[in-house]
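My structure is below; once you've seen it, I'll send some questions.
The values are calculated or read from the model by the stated rules, or taken from the named source; none is laboratory data. Quantities reported herein were computed from a predicted structural model and do not represent experimental measurements. A quick note on method: Cβ atoms are made from the backbone with ideal geometry, for glycine too, and the neighbour counts reach across all protein chains shown. All accessible areas refer to the heavy atoms of the entire protein, side chains included, with ligands and DNA or RNA removed. Shrake-Rupley method; radii C 1.70, N 1.55, O 1.52, S 1.80 Å.
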Amino acid sequence: MRHAAAAVLRTVPTLLGVSVLVFLIMHAIPGDPAAIAAGLDASPETVAAIRESLGLNRPLHEQFGAFLSRTLRGDFGVSIRTGRPVIEEVAARMPYTLLLSVASVVLAALVGVTAGVVAAVRHQRWLDHVVMTLTLVAVSTPSYWLALMLMLVMAVWLGWLPAIGAATPRHFVLPVLTLGLQSAGEVARMTRATLLDVLGDEFLRAARARGVSSRRMLWRHALGNAAVPIATVLGLRIGGLLAGTVLVESVFAIPGLGRMMVDAVVARDFPMIQGGVLVVATSYVLINAATDVLAARLDPRLRT
Amino acid sequence: MSNNRLPHAATVVALLALAAAGIGCGGRGQAPEATAPRDTLVFSAPADATTLDPHNTTDTESDQVIGMVFEGLLGFDDQMNIVGRLAERWNVESDGITWTFHLRRGVTFHDGSPFNAEAVRVSFARVLDPAQKHKRLSLFVMLDRVEAVDDFTVRFVTKYPFGAFEPTIAHISSTILSPAAMATHGAAFGTTATSTVGTGPYRVISWKRDQELVLERVEQHWRLTPPTRRIVYRPIPEGAARVLALEAGDVDVISRVPPPELDRLGASPAIAVTKTVSIGAQQFRFNVTKPPLNDRRVRQAISLAIDRRAIVDQLVQGFATPSTSALTPIMRGYAPLGEIARDLEKARQLLAEAGHPNGFPLKIATTPRYPMGVELAEAIAAQLRDVGIVSTIQVHDWATMVQFWAGLPPEKNPQELFIMGAGASTADADWGLRPIFQTAPTNENNYGYYSNAEFDDVITAAMRETDAARRQALYRRAQEIVYLEDPGAIWMYDNYYVIASRRGVSDLSPSALGVVTFERAVVR
Amino acid sequence: MTARAGTGAPARFLRHRAAVAGAVCLGLVVIAAIGAPWLAPYDPLVVDLANNFAGPSAMHPLGTDQLGRDTLSRLLFGARVSLLLSVGGVLSALAIGATLGLAAAWAGGWTDRAIVWLVDVLLSFPDILLAIAVIAALGPGTGSTLVAVAAYAVPTCARVVRASALTAVGRDSVVAARALGASTLWIIRKHVWPLCVSPVVAQTTVLLGKAVLVASGLSFLGLGVQPPEPEWGAMLSRGRDLTRTAPLGAFAPGVAITLVALSFSLVGDGLRDALDPKR
C-alpha cells in the first residue's frame, strides 16, 4: 500500500513537466488559434475579439499561471473549436480509446506470449525464425496501410466484418486486430528473450531429454519468472496505445483520443491539446506506476 | 425580386445531364421499385460538424447539418435561385436600404415555441452583438438594424445600398434560431443535440462527437415532411476508408470521393456518382508585393504557362472543369471570359518584356488540406520549368497556412505563390471578389495584397448597385481586370461537388454550395 | 568483459538465419540507395502528366504515379531519403541520448534525477504530437523530419544507456579508477561505454526500424519530406487512395517500408543474441 502511494506520488513532477512542455510547445509553433477558429473570410476585428476572449493577448507567464491554477482545480477549459468543455470532449472519447487499448493488449499478450514461448523452446531452429519473423511483419508494416488492407479483405471482399465505426463489438475486431498484431511482436520478443534467460541452454537440453513433463515445468516455472518483464512490456504498450492510435482511429473512424488530439493540433485548439495531453500523460504514468507495483508483487526482489 | 433568375441555370442543367450521361450515373428514379423504402440514411464526410450554431459555422461539415435543421427568411433552390422560406414575400424601398419581409404564419420551432418577427429580431441581434464575438459577424457589417414592425413583419435597414443583400439573407448564417433555446443556452447554443433548435424539416436527436450525429424528421413540417425518418452523419476521415465503407454497405452516401477512385466507382453497378457544378474553384494566388510578381506581365506569363487542360484531364480527372473566369458559372455576376489556354511562346515573350527572359526562382506554398493540393503544386512547378521558372514547393499544415493569411503586413509574409480554394458561400460576385481583391493595408482577406485602382472603383460601385443589368456589367469589368489584365491568381479549375451513393438511394439534393441535403431522399 | 562479446559474436550472428536474411536485405537497399542514379531507368522528378497512373509495363516496370513519374525510379531514389531519415534521426538521437544517459549514470544525485525526469516527461508525452510540434515549429522539410524522428528516439536511447552505464559505474574497476584520480572521460571511454555497447546496438537497430515507420506516419498526416523529393512514406501515404485503381503505387513503397523495418528488427534481434550469448 505504501509502495503504491509512493509510486503515485512520483508521477507528480512528471505531470508538472508535461504541462510545462505542452504549454511551451503550443506557444512555440506557428499558427493562431483565433484566426483558425474565425475561419478564412473573417474580419481582423473578429479575429482580435476571439483572441482577446481566449486570453491569448496576455503575457505568457500569466497565461501559464492561469492554465496551471485552472488545471489544478480540475477545470480544463472550453474547446476553441467546438465550444464544449474539454473535460466532456475527453470523457466522450476515453471509453473508445480505453476499450481499443485494453483489447489490443490482451490480444497482443495471447499471440505474443504463445509465439515467444514457441520461439524460445525451438531456439535457433527454423520454427524460431519463422515465428519471430511473422510476428515482426505486423510491427514493421505502417499501421494505416495494415488497417486498410485488413478492411479491404475482411469487409469488402469477404464481407465478414463491418468496415468502419464503433457501434458494436464487431466493429472493434479489425482495429483490435491491427493494433494487437502490431503489439504482439514486442511481447513475443520480450517473452522469448526472458525465457531464454531464465531457462538457459542446460535447462533446454534437460527439458528436451525428459520430454513432456518438462513442458509443464516450462510453463509453470519459466513463465512465472518471465511474468514481470512481460507485464512491464504490456503496461508500456497500454500506455503507448492510449496516446498513439491516431492513424488507426482515422482509418476505422473511431472517435478516440488520438484523433481528437491531432484534430486539436491542426486547429491549434490550445485548451483541447492541453487537456488531451494531460489526460494521456496521466494515464501513462499511472499505468507505469501500477506496473511497477505489480512487478514488485510478483517479484519480491524488486521491492525497495 | 424573388424571381432573381440565374443567367446560367441552363448551362448547369446541361452540364449535370452530361455528367450523368458521361459516367452512367444519375441516381434519381433508378432505384429498384420493388423494395420498400428504409427509414435511415447514413452519410459520411471526412469530418464531424464542429458546431451547429449558425452564427459560428465556418466549415462545410457544419453547414451541411445546419442546412437541414435551420431555415432562413430566404434560401437557395437547387439551381441557386433565391426563394422565400420563412418569408412569404419581401420588397425593398426606393432608398435601396430598407427591406421589408412578410413572414410565414403557423411555423413553430422544434421546441414548440412560435416563429415570429421577434424571433427574427432576436436572432439577428445575437449575431450583430459584437460582445458575443460570433465568427459570422463580419458577414453582416452592412446591416444597420433589424426591427419587428408587427408580429409577422420585419424591417432590415442597411448602412448603404447593398447589391448582395438577398444572397446574404439566404446564407446559412442568416437562419433563424429559437429564442427560447438562445435564452437557455446562450453561448452554448448549437454545441449539443439539445441546444440546437431551429425550424427545419429535421431536428437533432443525438450527437456523439466524431462518431455519429442523428437527425430525425419533423412530422408535418410546414414545407415538406421528408420520406426518410432518420439521417445519420458518420464522419470517416480517411478517403480510402470512406470508399471501402460505401462498398461494404456500411454507409449510403459519401462526400469527398478521392479523385482517382471516381472512374472505378462510376463503373460499379452498385454505386452511383453525382456531380454538381459548384461555387468552388481552385486557385494559386499571387502575393503581388513580391518581385517579380509585382509585374503584371510576369503574372500573365505564369498564368499562360499553365496547362490547365492537362491537369484537369489527367490529374483531377472528372472532378473539375478548367476555369473560365474569376467566378464559377453558377455564381451571381459571373461573366464568361473563356479558358486560358497554354501559350508558352507568349509567356516567354511576356517574361522577356518584364526583364526575365531566363525565368526566375519561385516559392510555391500548398497544403494537403485541399484535395490534390500537393500534386497540383508539383504539376505547376513542372509546367513552369518550361519557361525557366524554377520552383521550390513548401507543404504546410493548415494552421501554418492560415497564419500567413491572418492580417500580416506584406513585409512579414514570405509566401509568393500559394494555393487557395475559392467559394463564396453567398454564391454572389460581391462576396466572391470584394473581400479577396479589393485594396487593403494588410492581407486580412486579400491574402495576396492585390491592389488595382480601377478594380476597387468598379467593385465599390457594383456593391452599391441594385439594378441587375448595370450590376452585371460592372462585375464583368471587375472579372476582366482580375482574371486577364492584371491577374490576381492562377485560376486553375472550377470544382464539381461530387458525392457517391449506394444504388437504391435516390432524390438526393446536392447543392452548388458543396453540401448535400436529404429532405427528399429515399433509401431502398 | 568485452572478450565475451568479441570473438564468438560474428559466428553466432551468422547462425541466426533470419538476421542474416535481414542484413542481406538491408545491404540490397543500401546498394539501391547509393546506386540509384545508375540503376534508375528515369529521372524520379520528371513529370509526364499525359502518362500518369500507368500500369506496369516494359517501359515502367512498376508503373507511374499521379504525375506520371516512374515509380521504380522514385522507389530507388526514395531509399536514400528514407535511410537518411531513419539512420540520421536515430544516430543523432543516440548521440544526445548517450550523453544524457552517461551523464545521469556518472553524476548521480540531482543530475540523474533531472535527466530521469526529463526522459519520463518525454516518454509520457504523446510521441506523434511531439513530432508534429517539431515540424510545425521548424517548418516542413527533410531536416525537420529528421529532428522529429530524433526527438522520438532520444528518450529511449537515454534510458537504455543510463541503465547499462549504472551497472558499470558500480563496478570495482570504475570505483578504483575514480579513487586513483583518473580523468572522467577516460574512465567513461575505457570502462563504462564498452558495457553499454551491446544493449545500445541492439536497441538502435530496433529503433531504426521504428524510425522508418514514424517518418511514414508523419507523411500520412501530411507532414514530412517536401515534394517533389521521393520518400517512401510520402509515396505510400499519397498512394493510399490509389490502392484499388493503381495498386502498385501503394504496394511498392508499402512493401519497401515493411521490408526495411523488418530487416532492421531482425538484425537487431540477431545482434542481441550474438552480443549477449546468454540469450
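Hey, could you grab the Kirkwood Rh for the range B:277-496? Inverse mean 1/r over distinct alpha carbon pairs, Å, one decimal.
Details: mean 1/r = 0.0577 Å⁻¹.
17.3 Å is the Kirkwood radius here.
Over chain B, what is the mean sequence separation of C-alpha contacts under 8 Å (at least six apart), divided by residue count, expressed as relative contact order in percent?
Computed over chain B, the figure is 21 percent.
Carbon and sulfur together cover what percent of the accessible area of the range B:100-186 at a 1.4 Å probe radius?
Using a 1.4 Å probe with all protein chains present, the range B:100-186 comes out at 51 percent carbon and sulfur.
Using a 1.4 Å probe over the heavy atoms of the protein chains, calculate the carbon and sulfur portion of the accessible area of the range C:92-132 as a whole percent.
Roughly 74 percent, rounded to a whole number.
Ok, one more. In chain C, which helices (entire DSSP H runs) extend 24 Å or more along their own long axis, judged by Cα positions, while averaging at least -0.5 on the Kyte-Doolittle scale?
Taking the DSSP H segments of chain C (at least 24 Å long, mean hydropathy at least -0.5), we get C:17-39, C:89-107, C:142-169, C:193-220, C:248-275.
Quick one: accessible area per residue over chain C, 1.4 Å probe, rounded to a whole number of Å²?
Here the per-residue accessible area is 40 Å².
Okay, moving on. How big is the dipole moment of the range C:100-256 about its Cα centre under a simple scheme where the beta carbon of each Lys and Arg is +1, that of each Asp and Glu is -1, and everything else is neutral? Debye, nearest 20, please.
The dipole of the range C:100-256 has a size of about 340 debye.
Would you work out which of B:402, B:224, B:240 lies farthest towards the positive end of the dipole of the protein assembly as shown? Charges go on Cβ: Lys and Arg +1, Asp and Glu -1.
Toward the positive end, the furthest listed residue is B:240.
Also, quick follow-up: Assuming 0.692 mPa s and 37 °C, estimate D for the protein assembly as shown with Stokes-Einstein, Rh taken as the Kirkwood radius over Cα pairs, in µm²/s.
104 µm²/s
Quick check for me: using +1 on Lys/Arg Cβ and -1 on Asp/Glu Cβ, what's the dipole size of the range A:86-303 about its Cα centre, in debye to the nearest 20?
About 960 debye.
So which residues of the range A:125-142 lose at least 20 Å² of accessible area, probe 1.4 Å, when you go from the chain by itself to every protein chain present?
The answer is A:129, A:133, A:136, A:137, A:139, A:140, A:142 - residues whose exposure falls by at least 20 Å² when every protein chain is included.
State the percent of C-alpha pairs, over all pairs in the range C:120-235, separated by a distance greater than 16 angstrom.
Cα-Cα pairs in the range C:120-235 separated by more than 16 Å: 66 percent.
Per residue, how large is the accessible surface of the range A:86-303? Use a 1.4 angstrom probe and give square angstrom.
On the way: 8220 Å² over 218 residues.
Value returned for the range A:86-303: 38 Å² of accessible area per residue.
In percent, how large is the relative contact order of the range C:42-123, given Cα pairs closer than 8 Å and 6 or more residues apart?
Worked out over the range C:42-123, it gives 18 percent.
Take every Cα pair under 8 Å in the range C:155-211 that's 6+ residues apart, average their separations, divide by the length, and report that relative contact order as a whole percent. Mind showing how you got there, number by number?
Numbers: 29 pairs, mean separation 27.0, N = 57.
For the range C:155-211, the relative contact order is 47 percent.
Provide the buried accessible surface between chains A and C in square angstrom, both chains summed, 1.4 Å probe, rounded to the nearest 100. Let's see the in-between values first.
Numbers: alone 16360 and 14000 Å², together 26400 Å².
When A and C are taken together, about 4000 Å² of accessible area is lost.
Here's another thing I want to ask about it. Tally up the carbon and sulfur contribution to the accessible surface of chain A as a whole percent, 1.4 Å probe, everything protein left in place. Walk me through the intermediate numbers first.
On the way: 8460 of 12640 Å².
In chain A, the share of accessible area belonging to carbon and sulfur is 67 percent.
Then there is this: For chain A, what mean projected area does the convex hull of the alpha carbons give, in nm²?
Here the figure is 20.3 nm², rounded to one decimal.
OK, next. Write down the radius of gyration of the range A:42-172 and its Dmax, each obtained from C-alpha positions, in Å.
Expressed in Å, the Cα Rg and Dmax of the range A:42-172 come to 23.9, 72.
Among C:235, C:212, C:107, whose Cα sits farthest toward the positive end of the charge dipole of chain C (+1 at Cβ of Lys/Arg, -1 at Cβ of Asp/Glu, about the Cα centre)?
Toward the positive end, the furthest listed residue is C:107.
Which order, highest average first, do B:80-89, B:423-432 follow once you tally other Cβ atoms within 10 Å for each residue and take the mean per peptide?
Packing proxy ranking, top to bottom: B:423-432, B:80-89.
Could I ask something else about it? In degrees, nearest 10, range 0 to 90: what is the angle between the Cα axis of helix A:270-298 and the longest Cα principal axis of chain A?
30 degrees
Work out the charge dipole of the range A:86-303 with +1 on the Cβ of Lys and Arg and -1 on the Cβ of Asp and Glu about the Cα centre, then indicate which of A:130, A:104, A:291 is farthest towards its positive end.
Going by the Cα projections, it comes out as A:130.
If you fit an axis through the alpha-carbon atoms of helix A:44-53 and take the longest principal axis of the Cα set of chain A, what angle between them do you get, 0 to 90°, nearest 10?
Approximately 60 degrees, to the nearest 10.
Please report the buried accessible area for the interface of A with B, total over both chains, probe 1.4 Å, in Å² to the nearest 100.
Roughly 3600 Å².
While we're on this one: Per residue in the range C:128-152, which ones lose no less than 10 Å² of accessible surface when going from chain alone to all protein chains (1.4 Å probe)?
C:128, C:129, C:130, C:132, C:133, C:136, C:137, C:140
While we're here: Based only on the alpha carbon positions, what is the Kirkwood hydrodynamic radius of chain B, in angstrom?
Hydrodynamic radius (Kirkwood, Cα only) of chain B equals 24.1 Å.
Then there is this: Which trypsin sites (Lys or Arg not before Pro) in the range B:102-150 pass both tests, a DSSP loop state and at most 16 other beta-carbon atoms within 10 Å?
Numbers: sites: B:104, B:105, B:121, B:126, B:133, B:135, B:136, B:145; in loops: B:104, B:105, B:133, B:135, B:136.
Listed in order of number, the matching sites are B:105.
If you don't mind, another one. Once the Cα atoms of helix A:223-243 and of chain A are each reduced to a long axis, what angle between those two axes, in degrees from 0 to 90 to the nearest 10, is obtained?
Rounded to the nearest ten degrees, it is 20.
Sorted by mean Cβ packing within 10 Å, highest first, what order do the peptides A:67-79, C:224-236, C:157-169, B:250-262 take?
The peptides rank, most packed first, as C:224-236, B:250-262, C:157-169, A:67-79.
Where does the charge balance sit around residue C:224 when Lys and Arg score +1, Asp and Glu -1, over other residues with C-beta under 12 Å from its C-beta?
Result for the local shell: -2.
How much area per residue is accessible in the range B:355-401 when the probe is 1.4 Å and only protein heavy atoms are counted (Å²)?
Result: 33 Å² per residue.
In the calculated pair distance distribution of the range B:415-524, what percentage of Cα-Cα distances lie above 15 Å?
71 percent
Let me spell out the model: positive unit charges on the Cβ of Lys and Arg, negative unit charges on the Cβ of Asp and Glu, origin at the Cα centre of chain C. What dipole size does that give, in debye rounded to 20?
I would put it at about 1020 debye.
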